[in-house]
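Take a look at the structure below.
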Amino acid sequence: MITAVVGANWGDEGKGKITDMLGEESDIIVRFQGGSNAGHTIVNDYGKFALHILPSGVFYSHTVSVIGPGVALNIPDLVKEIKGIVDKGVPKPRVAVSDRAQIVMPYHVLFDKYEEERLAGKSFGSTKSGIAPFYSDKYAKIGVQVSELFDEKELREKLEGVLVKKNILLKHLYHKPEIDLDELMKTMAEYRDMIDPYVTDVGALLYNARKNGKRILLEGQLGSLKDPDHGIYPMVTSSSTLAGYGAIGAGVPPYEISRIVTVVKAYSSAVGAGEFVSEILDEAVADELRKRGGDGGEYGATTGRPRRMGWFDAVASRYGCRVQGATEVALTVLDVLGYLDELPVCVGYEIEGNVTRDFPTTGMLKKAKPVYEYLPGWKTDIRGIKSYDELPAECRAYIEFIEKELEVPVKMISNGPGRHEIIYRPEVSKS
Ligand code: GDP
């Protein structure tokens, strides 16, 4: 059986913590999309870590951490991250990088930065990690697979052709220095030596693992609403964030992904530009939640940018669960809300005088105004509580309200950043 951990919202739902937790009962943990442009924050016995490219199960000595072919692989970032966790006392992880994964090239990072500068106020709020230029090249069929690093002659010929176009853009569109092929080849040789110990036929590894009954966990990055097909296009990321894409980005049969743990945050947060209907517009109210949010505040794990804050959006989250094909929900950061007298929940969008419960396309989303229902707060700290029945009645009412809105059973409730701060509800099933 294959389990996927994915996000229903805009990212930062706390997938890292849930993956770290589920990693205990997994053999292989796979990143299947995205790159080092987003981060997961994990708090465990070794300390607090911000991971960007390694799967969040990397802290166990019994697991293999896999970078699947669907990932945008930044080789220096990966190597730095492995070193960073080993330096903090974590046992050296077993990491397998797909020989078919493609490489984030130094020029992808440059083009990302230059394009954001060129667009100025109209930018997409990129993290400037080269992800959009990377995926553009991948689908334009001029990307570089890890395996290509090992044939210097072929690679040189290919890059010579690639640089013709790149250098025209650099010179005439961005007015920046051109790229020298010899320099680039030197960097490629360094990348080859860095990645060599990890290169694996990941397809075969996962095939054999399935044959031998191993437990595989797929870890998604960002969330449903950042998916290029189903999200708030164009303010989306460049690879699919959906569990369904796990089949492709890892290389496993779609019908085997039978458990889709969809992580939903008990309030909303988003990074960068884009439509965000339940955004808290009163800056003082937003700031209070931002400061209390997550573990040490809602600031981006990669960029440190303050996140935009919002109330729970049932319309977006139900849609987010639906496009993931959620089989269960893990509701996270519920402990943060214990200070509120009442909790607004966005249950509908008013668009041109009509109220809808369905998440619309971006053009309509721009016109949507939130319709709120207000639930009473519980005004206590729920951290440390281990069983559902011990939660205050108002808190249970909030969870059950959300569950009804999502139409998916909430089987896990996270009430703190730590690995063991979790309340299980094994008894709830799909209604
Ligand atoms: P991810 O990208 O989905 O893994 O999410 P992030 O790691 O970027 O953001 C989640 C933040 O919330 C991190 O700082 C976590 O340590 C923290 N976190 C996760 N679950 C909980 C929780 O239940 N309560 C609190 N207070 N913080 C949590």
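The values are calculated or read from the model by the stated rules, or taken from the named source; none is laboratory data. Note that the structure is a prediction, hence the values are computed from the model and not measured. Virtual Cβ from ideal backbone geometry, glycine too; neighbours counted across all protein chains shown.
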Those residues of segment 204-247 which are closer than 19 Å to Ile53 by Cβ, out of contact with any helix residue (DSSP H, G or I) (no Cβ under 7 Å at 6 or more places or on another chain), among the aliphatic types (A, V, I, L, M) and modelled with pLDDT of 95 or more amount to Leu205
By my count, helices (runs of 4 or more DSSP H) wholly in segment 148-215 with at least 3 residues that are acidic (Asp, Glu) are 152-168, 181-195
>> Thr237 - would you say it is surrounded by 20 or more Cβ atoms within 10 Å (Cβ to Cβ), in contact with a Leu (Cβ under 8 Å, 6 or more places away or on another chain) and over 22 Å from Ser414 (Cβ atoms)?
In response: yes
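Which one of these is within 15 Å of the ligand (Cβ to nearest atom), in a helix (DSSP H, G or I) and aliphatic (A, V, I, L, M): Val336, Val323? Even if it seems obvious, please write down each step before you answer.
Details: Val323 fails: within 15 Å of the ligand (Cβ to nearest atom).
Result: Val336 is the single residue among Val336, Val323 that is within 15 Å of the ligand (Cβ to nearest atom), in a helix (DSSP H, G or I) and aliphatic (A, V, I, L, M).
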Filtering segment 236-290 down to residues that are among the basic types (Lys, Arg) and touching a residue at least 60 places away in the same chain (Cβ under 8 Å) yields Arg259, Lys265
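Would you call Gly297 part of a loop (DSSP other than H, G, I, E, B) and farther than 23 Å from Met412 by Cβ? First the steps, then the outcome.
Working: part of a loop (DSSP other than H, G, I, E, B): yes; farther than 23 Å from Met412 by Cβ: yes.
Judged against the criteria, Gly297 is a match.
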All conditions in (1) under 21 Å from Asp201 (Cα atoms); (2) more than 16 Å from the ligand (Cβ to nearest atom); (3) not in a strand (DSSP E or B) are true of Val58 except (2)
Within segment 8-54, the residues that are modelled with pLDDT of 90 or more, in contact with a Leu (Cβ under 8 Å, 6 or more places away or on another chain) and under 12 Å from Ile85 (Cβ atoms) are Ile53, Leu54
Counting only residues in segment 8-49 that are of a type in the set (S, T, N, Q) and in a loop (DSSP other than H, G, I, E, B), the one farthest from the ligand (Cβ to nearest atom) is identified as Ser26
Val329 vs (1) out of contact with any Cys (no Cβ under 9 Å at 6 or more places or on another chain); (2) crowded, with 20+ Cβ neighbours inside 10 Å: all pass except (1)
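Within segment 300-317, restricting attention to residues that are part of a helix (DSSP H, G or I) and touching a helix residue (DSSP H, G or I) at 6+ places or on another chain (Cβ under 7 Å), which residue is surrounded by the fewest Cβ atoms within 10 Å (Cβ to Cβ)? Break it down stepwise before answering.
As a first pass, look at segment 300-317 and keep what is part of a helix (DSSP H, G or I): 314-317.
Those left that are additionally touching a helix residue (DSSP H, G or I) at 6+ places or on another chain (Cβ under 7 Å): 314, 316-317.
Numbers: Ala314: 22, Ala316: 29, Ser317: 31.
Within segment 300-317, the match that is surrounded by the fewest Cβ atoms within 10 Å (Cβ to Cβ) is Ala314.
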